[in-house]
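Scroll down for the structure; my scribbles are underneath it.
Please treat every number below as a calculation from the coordinates, not as lab data. Remember, predicted model here, so these are calculated numbers, not experimental data. Cβ atoms come from the backbone with ideal geometry, glycine included; neighbour counts cover every protein chain shown.
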Amino acid sequence: MALDRTTPNDLRAFWMPFTANRQFKQAPRMLVAADGMFYTTSDGRQVLDGTAGLWCCNAGHKRPKITEAIQKQAAELDYAPAFQMGHPKAFELANRLVDLAPEGIDHAFFTNSGSESVETALKIALAYHRAKGDSSRTRLIGRERGYHGVNFGGISVGGIVNNRRHFGTLMAGVDHMPHTHIPENQWSRGQPEHGAHLADELERIVALHGADTIAAVIVEPVAGSTGVLIPPKGYLQRLREITRKHGILLIFDEVITGFGRLGSAFAAQHFDVMPDMIACAKGLTNGVIPMGAVLTTAEIHDAFMTGPENLIELFHGYTYSGCPIASAAGLATLETYREDGLFERAAELAPYWEEAVHSLKGRRHVIDIRNMGLIGAVELEPIAGAPTKRAFNAFLKAYDKGVLIRTTGDIIAMSPPLIIEKAHIDQLIGTLAEVLDTLD
Ligand code: PXG
């Protein structure tokens, strides 16, 4: 098949997301094909994918099983109404998902993205308490530096200032815990030692508002977009104890940690902390077709299953909730993960990855490095008066040298597909080392 390697001659109409549009359009970076660990650019270069797309292509690119499943599904049943109708694959996928999830998670509600999974989880939390007659529980608690997508609920509980400041007053009744990124933990490998006590800040919030006004706490077990913040040892356990003590639901936003990133299906299993809900997306379909899900306990689900059986229990859902092609892609993705043993592979490779990422200590401008599973972050000293510029320059130089990394602020984040080989890790980190040496 001939690849379209041309760049369109008019780039104006497409308003690109989370992108410096004017800068991009002066020097576009176009990807035209992908296979395994590599993208092909419009100028015919191979670029090693150090980020699994945007943390989503965990099985690497162009996986035959997933491609075939999508093609077959499109030819067989392209779409089926999602409300008051069903099709078999959505039910099948829900079963497979709860099989993968921690013991005690029994139901899946489908969405189309991480942002929608977050909104759905927050709404279920509010409606759950109301269904139980606890309707004073309306407050939602997030965390500073948290990223929970871009919809109004998500940016309200989220804690990234640029994602919030332009959009008015956001949702009322939200409070935030402090983030866990403290200087004592510089150069940490895996979970840092210090900071479990930061979970106790929830007690302060409970004392301020009263537990009976709080519906849920939402956190990313490992925060990604904000620059890779790893939970201190004991922190998530403490959060679970405090939420349980006060009847507050605990939601794990596993949009990036789900599907093997830490070496187990979900971070909940890796940390052995059982949340009440898991929001996921991305790796659910290997990033190939938009899809997300909220996974819940039977206790939450069953609280809605009361009243007359002819009535809708939850007034929520999307036209594409569990749509046939996404469901087919999800099933094929989960099979691919299982057949290739990719979660186990991520766990096996994690020590090699850790050594490789930390080998960058001592390079110019590097002020911190942290890692967990197949996630790594290299933080750079910002250029005085020009924050984000140094890391973005690293991104541009790395792309020119054939590796794709991500930056957020002055932090370089890497999250490769779980099929990565040691030689690819060497290429990724070796190229980044060269790039760091040439940065202003
Ligand atoms: N929650 C978390 C924890 C996420 O990381 C979302 C929700 C929203 O998902 P959607 O599918 O609505 O984008 C995310 C998304 C990056 C990066 O490079 C991270 C995300 C998206 C794009 C880029 O860090 N995470």
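With a requirement of 1 or more residues that are among the charged types (D, E, K, R), within 30 Å of K422 (Cβ to Cβ) and touching a residue at least 12 places away in the same chain (Cβ under 8 Å), the strands (runs of 3 or more DSSP E) lying completely within the stretch 1-92 that satisfy it span 31-35, 46-49. The residues of the stretch 95-130 that are closer than 15 Å to A265 by Cα, of a type outside the set (D, E) and either part of a helix (DSSP H, G or I) or within 16 Å of the ligand (Cβ to nearest atom) (or both), listed by number, are N95, R96, L97, V98, L100.
For the list (1) farther than 20 Å from E103 by Cβ; (2) in contact (Cβ under 8 Å) with a residue 60 or more places away in the chain, I need the number of the one condition that N310 fails. The number of the failed condition is (2). With respect to the conditions (1) within 16 Å of the ligand (Cβ to nearest atom); (2) out of contact with any Cys (no Cβ under 9 Å at 6 or more places or on another chain); (3) acidic (D, E), D276 falls short on a single one, namely (1). Of the residues making up the stretch 131-173, those that are part of a loop (DSSP other than H, G, I, E, B), more than 14 Å from the ligand (Cβ to nearest atom) and either of a type in the set (K, R) or crowded, with 21+ Cβ neighbours inside 10 Å (or both) are K132, R137, R165.
Checked against the criteria, E379 counts as farther than 18 Å from G53 by Cα and either within 22 Å of the chain's Cα centre (by Cα) or surrounded by 16 or more Cβ atoms within 10 Å (Cβ to Cβ) (or both). Could we say that T306 is among the β-branched types (V, I, T) and in a loop (DSSP other than H, G, I, E, B) here? The answer is yes for T306.
Remark: pairs (first residue in the stretch 400-421, more than 15 Å from the ligand (Cβ to nearest atom); second residue among the basic types (K, R); Cβ separation under 8 Å; 6+ apart in sequence or on different chains) = G402/R45; L418/R261; L418/R345; I419/R345. The lone criterion from (1) assigned to a helix (DSSP H, G or I); (2) hydrophobic (A, V, I, L, M, F, W, C); (3) in contact (Cβ under 8 Å) with a residue 12 or more places away in the chain; (4) surrounded by fewer than 22 Cβ atoms within 10 Å (Cβ to Cβ) left unmet by L396 is number (3).
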